[in-house]
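Computed from the coordinates by the stated procedures, all read-outs in this text should not be read as laboratory data. As the structure is a prediction and not an experimental result, all values here were calculated from the model. Cβ: placed from backbone, ideal geometry, glycine included. Neighbour counts: every protein chain shown.
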Amino acid sequence: MGLDLTTLSPESRAAYIKDGKRFGSEDTLEQANQTLNAYAAHGTKLADYGFGPSDATELQDARDELISAGVGREAKRTSKKIDTVAYSTAMRAAHGIRFRARSVLGGAKRVLLSTGETKTVQKVETLLDRDSAAAGDAEGLAKQLDALQDSLKDPIVASAAKDRGGPKAVTDLEAGAKALRDAAKVKAEPLGTPVETETLDLIDGMIASLARTAKDAADAAARELSEPSIATAFELSALYRRRAKKGDAPGAGGAAGG
């Protein structure tokens, strides 16, 4: 019967699209194929653990939609996967720079407090308190890096931070903010029409959710049936291979119902 995206609730659709933006369609296509191959071998054992035949059919239909859209064909590949990786890399690096810069400011604040620079200390504390949580988007995070850079460029703060990582932090904050904004611009460039891009994100999110659900069911079945090969067959190696290479553990559980 094929995949009918019109039956999705607005909430489910939004959740799938948000999740799908994190993945390249080439990767979700590969993951769908891996999960479907695993299901062909072990699927009958998953029905009692949360992943049934209708879920497998939905995954196959979503996979077929990607193929119909041209994903996997050299001539129609988009730069979505590359753009997503560049964006994630810039965000990850910026988080590290931000964390280090806040530490540098904390060290400078201690020195400033001991020398009686109370007004400057108050400014530093206000900034650290205001931006205690990292922004979740590129521009928001870039602005936080800008604010940290401005604070470290203050002559009084710069003097206190001179031998405590201040100069390097200023340089890295500037580079990090630029990298974030550059990556965000590339990520925002149209990869086809907005409708086409949103549909791909939606399908990517559905596949990611279904593959995670299958993995959770496989883990439960493998444990209860004492068959570890079931869990191994449903590994999310295509979906999370970049994160695995960088030492990040993938999360479990779908982003939306499926």
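Numbers at a glance
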{"item": "Spacing of the two label points (7 Å from each Cα toward its C-beta) at A40 and K18, in nm", "result": "3.6"}
{"item": "Extended-chain gain in nm, criterion 0.36 nm per residue less alpha-carbon gap, T115 and K143", "result": "7.1 nm"}
{"item": "Burial ranking of peptide ranges 165-178, 219-232 (average Cβ count within 10 Å, highest at the top)", "result": "165-178, 219-232"}
{"item": "Calculated from backbone phi, Karplus (6.51, -1.76, 1.60) coupling profile of the stretch 129-134 in Hz, x at Gly/Pro", "result": "6, 4, 10, 5, 9, 5"}
{"item": "Dipole axis of the stretch 7-48 (+1 Lys, Arg; -1 Asp, Glu on Cβ), positive-most option in P10, A32, T44", "result": "P10"}
